[in-house]
Amino acid sequence: MVIIGFAASAALFMGRQERRTSGTIRLETTAAAAADEARVLALGQLSSRAAGLLPGQSIVERVIGSSPGVTVVARLTRLGEAEFALAFVVAAQDSSGMSARRQSSVVLRRGVPHLDFPAALTITGTGTAPPGIADGGDRTPDGWPCPAEHVDVADVEHPLPQSRDSAELHRLRERATVRLAPGAWMHMPAPIVRGGECATEQPGNWGDLVRTGPCGSYFPIVHAEGDLSVTGGSGQGVLIVDGNLSIEGGFEFSGAIIVVGDLRFGAGGGQLRGGVRAARVVDAGMGTDSYPSIVRASCALRAALLGTAEIVPVRDRAWASER
């Protein structure tokens, strides 16, 4: 009887251990799958806020996935100008109280768009530009944290050699932050702040040129699917117009400006800093605007392209499962 009892106890013990081991393996598998899912979700959830981080700063947020009983905390840390680290702590627990934990990390880098801006103003078609409207002397916008180095370029390049960035432009159009229908008219675009946060969902918010408020690090991709008219206001980032762009009332924009059709300056004109491409430039303000209206600013151009860049894992050894 003693031997039979001992054998029964041993069998019960082994059964419990097997169930416990099986449950642990199941939870560890769940945690690993949740970490893979969280990597994708966190990239979409945190990447838009990455531009506002200084080197060494972090954003910490919970990531809501599809697995019940799993909590995920993600930390995005800026390592340098274009490098980031994304770390996860995943905890899984079942109804019996068993738990598993996994830590993972991924190294990220900004995929900066490579766009051709060989001059302050680049004419892409057979059109022309009024004399003196562009200045290739590299200048830093007031208040922008730019390096002291400057690289002057030609005032006007005409025509642009065959551009190789059509795929980059297509991707930027797909990722547009602000989408405008053909024939749109924007009146006084300006930074919009609500509850102390930059209201990036507002189509009239094109960032903050002064760069002192919450929208200072917001560089939207503005895509007009046809003609666009802008009166007054300001913005920063990447502006792509698939038709003609008409600006007046002192509108200011810093970054990359690409106009498939004509760029027209109306009454009150405007100031564009960074890099500009257009098929033709027309001064419809009858020479009343102060020249130059297009000024090279390599710092603004680079900041805009960095600010609109996608954050993607590095190609080699990007992902590490720590435990």
* **Kirkwood Rh in Å, taken over all unlike Cα pairs in region 176-322** => 15.8 Å
* Asked: For region 189-290, what relative contact order do you get, as a whole percent, if you take Cα pairs closer than 8 Å and at least 6 residues apart?
  -> 18 percent
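Bear in mind these aren't lab numbers, they're just calculated from the coordinates by the rules spelled out. Bear in mind that the values here come from a model prediction, so they are computed numbers and not experimental data.
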